[in-house]
Each structure stands twice: as structure tokens, then as C-alpha cells.
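Below is one structure, written out as C-alpha cells, with a few remarks after it.
The values are calculated or read from the model by the stated rules, or taken from the named source; none is laboratory data. The model shown is predicted, which means the values in this text are computed figures rather than measured ones. Methodologically, a virtual Cβ is constructed for each residue, glycine included, from the backbone with ideal geometry; neighbour enumeration extends over all protein chains shown. Heavy atoms of the whole protein, side chains included, go into the accessibility calculation; ligands, DNA and RNA do not. Shrake-Rupley method; radii C 1.70, N 1.55, O 1.52, S 1.80 Å.
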Amino acid sequence: MEIKTRGNWSSQIGFVAAAAGSAIGLGNIWRFPYIVGRYGGAAFVLVYLAIIIFIGVPIMNSELLIGRKSERNAVGAFKVLAPGTPWFIVGAMGILAGFIILSYYSVVAGWAVAYIFKSGLYMAAGAEHANIFVGHITSTATPVIWHAIFMLMCIGIVAAGIEKGIEKYSKILMPMLVLILLVLIVRSVTLPGAGKGLAFYLKPDFSKLSAEGILAALGQAFFTLSLGMGCMIVYGSYLRKKEDIPINSYYIAGADTLIAFLAGFAIFPAVFAFGLEPGAGPGLTFITLPAVFAAMGPVGHFFGILFFFLLTIAALTSAISLLEVVSAYFIDEAKWNRKKAVWIMGIIIFLLGVPSSLGQGVWSGVKIIGGRDILDSLDFLANNALLPLGGFLLCIFIGWFWGTTKAIEEANIGAKSIKLGTTYSFLIKYVIPIAIFIVFLSSVGVF
Ligand code: TRP
């Protein structure tokens, strides 16, 4: 009876904190602002919000309920719910996506770790931050070492196991991150010239919206909520029946969206005030925020160190969820012990990440998907293809194979305030799969 030996979340807040910890990470503070900047600002933000509500939340519900029902990892869940069918391939695809995402996620997280220790650079003037940042990521050995250090931290936590590891680290530090973002926002919006940034972020110009932008919004929604690869299936598998899935899906999505939104408020006013480029790409956060800290005077040092420390923790609580998904598969299905699974996977993922890091410097000539460097190509492949495809197939599975009746029944066990019903069913069967299908087709130029 391996079901009995499966760890459970020690409390309600433990689960919400861990799931929110998975969702809130680099996706909110590093990826959201640069994607918004790249795809034109406010109009993109609106599309993104609609996707969170109508696609993200129902899929969050779906992954959690599938996890709780099956009490298995991403692959095992499909084997339990649909024995003898090829549906488990959806889970396998998710695990592949997990490998890819964590490999470069850890590289970017390594940038954040390095920035804790580079506090001196916050005092440099405006555009100089760009040079410092580029100088750091284009060097060969140092970013790889920070990437290794970050992966080791993940391995240490995940190897310790679900309760001792994940919960402990998720509870206290996220509220601190919100506080420091609020401080940053106050400084950022009071900079001379900040208004243009606010307009960029808040005044929609729909002519800037492209099909590729809508696909990017979809990918960002999946990425930021940790959806489309079975991560929330694994987290749901540790969830007790008395716990409320529908309301928690809203809490998690709400907290995640709030933090991304705050990050945008901290970044865009400053981008315009300092004459930086909103479409600058993956370096945006790392270039802009240090300039904001510098503009705070001597206390900027302190806030800078604290901020990058908290960002590292946020990245860590997300990264451990990725490593957990990959490892849970080998623990449950291949019957490896936890330590072995976590160490082997962690090392493979580290190695896989090295080219992404080198791709910023010595290998910057290597372009894969549409002129993108290695990191950006892997990110594109995972977020704009694998995750939405995973979400699409999950909807087909629940809507047309396993049945929304069973899904609704499972989700509503323990549901107190909101219950899933016909709206959920309609979204899962029709709206979401059709929407994802159309976005895919239009972004490859079919219409
Ligand atoms: N959501 C996390 C972030 O925003 C990243 C993440 C963790 C993730 N687990 C995931 C993304 C699973 C996709 C799938 O930083």
C-alpha cells in the first residue's frame, strides 16, 4: 500500500505556501516584465490576465484534482486514471519539459545568486548596469559556478523530502518579497520621467498585439502558474481530501498575478526614467532594478542585497518543484530511492544547463530557433510549445476521455465556498482546447 506511505502536507497553509512558492519565482520577476516589454506593454498584459482567469485557473484545478485523485506523479497519474492507454505520454512530455525548464531556470537563478554578492554595482550610474550585467553573464566560468551552486541548493532541499524540505522554505519569505517590491515601486514611480513607463504598462495599444504575442501570453501564463507539465499534479498528490481545491486555485493564481503585476510596476517606470529599452530581453530585470537601488542612495545597498536574496529564495521554491516532478517519477515508477533520484536528475539537469549559460558568452554565435540563443530557444520550446500542448492534452483527457463529471466530483470534495460545475466543464471541453489550437495555428502563420 504505497499510498499510505506518501507524504502529506502538514497543514492547509503548508500546501498553499508550497504551491504559491512553486508558482511565484523568476517567472514573475524576471520573465513577466521582459515578455511584457518585448510584446508591447498594456495590451499584452490584458490578454495575459484573461488567459490566467479563463485558462490558467481551470487547468490549475484540473492538475490538482488529478494529482489528488490518483496520488501519483505526472506519468503515474495517467496510468492510474486511464490504465492501458497511451495517455501517460502526456505526463512523460511534462517530465521532459521539466528537464528543459529547470536547466536554464537554474542558470538565470544563478545570476540572481551572483547579484546578492555584487552589491557594490548598485551604486553605478544609469546605463552602466547594462555593461555590468552583460559582463557577468558573458563570462565563461563564473555564471556556470553560480548555476552549479543553485542546483546544489535545490538538490539538498528536494533530497530531504517533501515536508522537511519544501514547506519549511516557502512560508515566511514570500511576504517579505512583496514588501520589498512595494518599496521598489515607491522609488520607481517617483523617478522623473516615470509616467511614460506607467503609460506603457497600463494604457493598452492593441495595434502592438501580434499572434506571436498572444502565444507568448499563453506560454507565460503556463510558466508562471507552473502548469502544463504535471507539477501541480505532483503537488496535488500530496493533498488531503478535506482540502479545498477550487478556492486554492484562485489563491495561488491570485498571489502569483499580484506579484508579477507588482514587479511590472517596479520595473517599467524605471525603464523609461533611465532611458532603457523595454524590449531589452532577458536582462531587463537585472539591468533595471540595480539602477533603481542606486537611485535610493546608501540604503540601496541594503535593499539590493535583500531583494536578490529573496529573489533567489523565490527561484528556489520554484526550482525545487521542478526537480520534485522529475524525481517523483523515478521514485514512484522506477522505485529509486529519493536521494538517488534527486542527485542523478539534479546532475543531469545541471549539465544540460551549461550550454544555456555558455550561450550568453563564448557560444553566443549558436542560434537555434529563429535567431534565438540557446537559453532563449529552450525557453521558447518549453513555454510556447510543450507547456500549452500539455495543457491542451490535459483538457482533452479530462473533457473527452476521463470525463468532467468525475473531475468535478473529485475537485468538489472538500470544496467549501466555490464549487466546480458547468462553467468549468465548458471551459475544459471547448473553450480552452479551441483557444490553444487557434493560438498555435495563428502563431505559425495559418491565419
Ligand atoms: N512558475 C515558476 C516561476 O514562475 C517556474 C516553474 C516552477 C514552472 N514549476 C514549474 C514552470 C512547472 C512550468 C512548469 O518561476
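Each distinct pair of alpha carbons in segment 337-447 adds a 1/r term; the inverse of their mean, the Kirkwood radius, is 17.5 Å.
Just checking the listed ones, Ser377, Ser321, Ser188: in the Gaussian network model of the chain with Cα springs under 10 Å, the one fluctuating most is Ser377.
Bridging of Lys419 to aspartates and glutamates at a Cα separation below 13 Å is possible for Glu243, Asp244, Glu409, Glu410, once same-chain residues fewer than 8 apart are set aside. Across segment 261-307, the mean sequence separation of Cα contacts (distance under 8 Å, 6 or more residues apart), normalised by length, yields a relative contact order of 26 percent. Note on segment 272-347: Rg/Rh from C-alpha atoms, Kirkwood Rh, equals 1.24.
The accessible-area ordering, largest first, of the residues Arg38, Arg372 stands as Arg38, Arg372, per a 1.4 angstrom probe.
Note: relative contact order over the chain, using C-alpha pairs below 8 Å and six or more positions apart, is 34 percent.
To two decimal places, what compactness ratio does the chain give when its Cα radius of gyration is scaled by 2.2 N^0.38 Å? The chain yields a ratio of 0.93. If you wrap the Cα atoms of segment 328-390 in a convex hull and average its projected area over all directions, you get 5.3 nm². At q = 0.17 Å⁻¹ the log10 of I(q)/I(0) for segment 185-318 amounts to -1.07, computed by Debye summation with a single uniform scatterer per C-alpha, solvent ignored.
Taking every alpha-carbon pair under 8 Å whose residues sit at least 6 apart, segment 268-341 reaches a relative contact order of 14 percent. Dipole magnitude for the chain: about 700 debye, using +1 per Lys or Arg Cβ and -1 per Asp or Glu Cβ, origin at the Cα centre. Scanning the chain for DSSP H helices at least 18 Å long along the axis (C-alpha atoms) with a Kyte-Doolittle mean no lower than -0.5 picks out 57-70, 88-117, 141-159, 173-189, 211-224, 245-273, 299-332, 338-358.
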